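Everything on this sheet refers to the single structure shown next.
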Amino acid sequence: MLAISRDDSPARKSETAYEKLKELAISGQIRPGRHLIAQDIAEHLGISVTPLRDAMVRLAVEGFLDHENRHGFYSKEFRVEEQRQILDMCELLLAQGLRAAEGNIPEHLLRACAELEAVPVDPANGAPLAARVKQIYLEITRAAGNDVLYDTFRIMVERSHRMRILDLQIESAARETIDDLRTVGVAMAAKDSERAVGVVRAVFGRRGERMPLLVREANFIASEVKFP
């Protein structure tokens with residue numbers, strides 16, 4: 001009997017569908033509140049329907065999609081209160097990660113914080129900067145050595161990624177975030193996790209204050225997309 005290659009396995013197909021649909025959801029490429037037809041999305045993404053349905057279930061469980069019994073799946077609208085709750089959870093988990101990782105921060109993570117100084121502060125650079133910031137946050141929780149903490153934080157930080165991009169398109173917010181994360185790197189190098197936690201709280205606190213503006217902008221941009 002021929003073995004099924006790993007790339008053609010049902011699990012691999014489901015994971016591919018999950019990643020593709022999640023990218024549409026978190027990047028605002030699906031109009032908010034739209035009923036998602038599996039066949040239409042499968043054709044758009046070039047994947048089959050069965051793994052896509054598996055991915056939709058998983059994304060609904062993780063909070064990237066809404067689900068209604070007998071009606072199916074819907075793209076989420078960005079909501080201020082929900083995004084603030086996600087931000088609060090991110091802050092809590094990242095603080096736990098910083099404390100747990102104290103003294104165990106890899107050198108490449110410290111370099112990543114220091115190298116933010118060279119990143120251009122420009123509205124057009126919001127998405128690349130947001131990706132770098134997200135990766136720093138993920139590496140901190142990875143260094144904590146707790147898989148549950150890391151996996152939970154990964155979901156939360158991805159659900160808030162659209163807000164992070166829009167926030168870092170504001171020049172003053174981008175500059176403050178860069179400066180603060182460089183300070184976090186210095187604090188981690190000095191094994192001063194409480195200082196790092198305080199700086200992270202300041203970063204998230206400012207974003208929380210801007211959340212109504214960010215959510216309004218996210219929903220407006222998403223309402224203009226053509227798909228589905």
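Here are the numbers:
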read-out	value
Of all residues making up region 142-154, the number that are within 21 Å of Glu19 (Cα to Cα) and either in contact (Cβ under 8 Å) with a residue 12 or more places away in the chain or surrounded by 17 or more Cβ atoms within 10 Å (Cβ to Cβ) (or both)	6
One residue from Val157, Val184 being over 22 Å from Gln85 (Cα atoms) and either β-branched (Val, Ile, Thr) or touching a residue at least 60 places away in the same chain (Cβ under 8 Å) (or both)	Val184
Filter result (of a type in the set (A, V, I, L, M) and more than 25 Å from Glu82 (Cβ to Cβ)) within region 43-66	Leu45, Ile47, Val49
Counted residues, region 135-179 - those being more than 19 Å from the chain's Cα centre (by Cα) and either among the charged types (D, E, K, R) or closer than 25 Å to Leu214 by Cβ (or both)	5
Flag if Val61 is farther than 22 Å from Ala202 by Cβ, free of Cβ contacts under 8 Å to residues at least 12 places away in the same chain and under 21 Å from the mean Cα position of the chain (by Cα)	yes
Single unsatisfied condition, Leu98 versus (1) surrounded by 20 or more Cβ atoms within 10 Å (Cβ to Cβ); (2) at pLDDT below 90	(2)
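Here is a yes/no grid of residues against (1) touching a Pro at 6+ places or on another chain (Cβ under 7 Å); (2) of a type outside the set (Val, Ile, Thr); (3) closer than 19 Å to Phe78 by Cα:
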{"position": "Ile140", "(1), (2), (3)": "no, no, no"}
{"position": "Val148", "(1), (2), (3)": "no, no, no"}
{"position": "Met163", "(1), (2), (3)": "no, yes, yes"}
{"position": "Leu166", "(1), (2), (3)": "no, yes, yes"}
{"position": "Gln169", "(1), (2), (3)": "yes, yes, yes"}
{"position": "Ala173", "(1), (2), (3)": "no, yes, no"}
{"position": "Ala189", "(1), (2), (3)": "no, yes, no"}
{"position": "Asp192", "(1), (2), (3)": "no, yes, no"}
{"position": "Ala196", "(1), (2), (3)": "no, yes, no"}
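The values are calculated or read from the model by the stated rules, or taken from the named source; none is laboratory data. Remember, it's a predicted structure, so these values are computed and weren't measured experimentally. FYI the Cβ positions are ideal-geometry reconstructions off the backbone, even for glycines, and counts take in every protein chain you see.
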